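Accompanying notes for the structure given below.
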Amino acid sequence: MSESPSLFLPSHLPAAPSGVRGFPAPPDGAIKQEIFAQEGSFGAAASFALGLALMPGPPARAHWLWVQDTASIRAEGRPFIAGLPPCLRAGMIHIVARKPQDALFALEEGLRCRDLAFVLGELEGNPRALDFTASRRLAVASERHGVPLFLVRHQAVPELSAARRRWRVGPMPSAPDPWDARAPGGAEFAADLFRARDVAPGSWRGNFTTGWSRGHDHAAPPPAVDLAAYAGDRPLAANRAG
């Protein structure tokens with residue numbers, strides 16, 4: 001199966017948004033967080049989850065676990081290692097589970113391993129196996145063993161959950177290009193913390209070029225770069241003459 005571009009994560013994630021007004025600081029201990037990917041997110045949810053994992057800084061423990069069920073792989077693709085941040089490339093352990101219940105088992109076993117920096121999971125839809133009991137088991141394992149869990153949910157409807165923080169992540173129109181109003185700017189996505197037990201909810205906007213901003217405010221423009229001249233909508237002969 002060919003790789004899906006949805007998981008070609010940039011090697012440069014948006015910088016940790018801890019300095020952005022109102023953005024929640026990393027939790028005091030390991031917790032379970034859920035990230036609901038809206039349609040068309042093109043990997044923004046997984047990228048955001050990794051950004052949350054890296055907010056305290058590069059992981060002190062070298063290895064981390066990424067678990068996907070086969071349904072999420074069919075929909076979103078496999079991770080592209082070369083596209084991960086350099087500090088995460090060598091230590092990734094990737095598990096493919098045929099069924100959601102197998103993925104949940106792998107996630108819980110990973111959370112019991114104190115040598116892991118964190119665990120990232122991806123599930124498609126609302127599988128019956130992920131009921132409140134299963135959600136509670138994952139949350140307890142995360143907090144008891146000190147391993148954070150970031151569970152990305154694709155095409156899923158939020159249901160009863162034991163997650164401490166729950167996010168929605170989806171695509172947004174790109175920011176205006178500061179050098180050419182007719183060109184798209186950096187790719188952007190919205191992150192909405194719609195439920196949390198320890199911090200206030202809020203909405204933020206991430207840009208892979210300029211960083212983070214609160215709500216719909218754009219961050220500062222990127223540094224100047226050389227741009228090709230705008231081709232315009234002209235006949236081919238005119239382009240050659242120009």
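Please name all residue pairs, on different chains or six or more residues apart, with Cβ atoms under 6 Å, provided the first residue is in segment 94-117 and is surrounded by fewer than 16 Cβ atoms within 10 Å (Cβ to Cβ) and the second residue is polar (S, T, N, Q).
Val96/Gln68; Arg98/Thr70
Would you point out the residue of segment 69-89, among those that are assigned to a helix (DSSP H, G or I) and among the charged types (D, E, K, R), that is surrounded by the most Cβ atoms within 10 Å (Cβ to Cβ)? Write out each step before concluding.
Pass one, segment 69-89, residues assigned to a helix (DSSP H, G or I): 70-76, 81-83, 86-89.
Okay, now just the ones that are also among the charged types (D, E, K, R), so 74, 76, 89.
Numbers: Arg74: 12, Glu76: 24, Arg89: 12.
Ranking the candidates gives Glu76 first.
Restricting to segment 19-47, what's the tally of residues that are under 16 Å from the mean Cα position of the chain (by Cα), closer than 21 Å to Arg197 by Cβ and either at pLDDT below 70 or in a strand (DSSP E or B) (or both)?
5
Which one of these does Ile93 not meet: (1) in contact with a helix residue (DSSP H, G or I) (Cβ under 7 Å, 6 or more places away or on another chain); (2) more than 21 Å from Pro26 (Cα to Cα); (3) part of a strand (DSSP E or B)?
The failed condition is (1).
Which number in (1) at pLDDT 95 or above; (2) surrounded by fewer than 21 Cβ atoms within 10 Å (Cβ to Cβ) marks the one condition that Glu122 misses?
(2)
Looking only at segment 98-130, count how many residues are outside any helix (DSSP H, G or I) and either within 22 Å of Val169 (Cα to Cα) or among the aliphatic types (A, V, I, L, M) (or both).
Here the count works out to 14.
So in segment 141-166, with the set limited to residues that are surrounded by fewer than 19 Cβ atoms within 10 Å (Cβ to Cβ) and out of contact with any Lys or Arg (no Cβ under 9 Å at 6 or more places or on another chain), which one is farthest from Arg197 (Cα to Cα)?
Gln155
Please specify each residue of segment 69-81 satisfying the condition of being touching a residue at least 12 places away in the same chain (Cβ under 8 Å) and either in contact with a Pro (Cβ under 9 Å, 6 or more places away or on another chain) or hydrophobic (A, V, I, L, M, F, W, C) (or both).
Those that are touching a residue at least 12 places away in the same chain (Cβ under 8 Å) and either in contact with a Pro (Cβ under 9 Å, 6 or more places away or on another chain) or hydrophobic (A, V, I, L, M, F, W, C) (or both): Asp69, Ala71, Ile73, Ala75, Gly77, Phe80.
The values are calculated or read from the model by the stated rules, or taken from the named source; none is laboratory data. What you see is a predicted model; the values in this text were computed from it and never measured. So basically every Cβ, Gly included, is an ideal-geometry build from the backbone, and we count neighbours across all protein chains shown.
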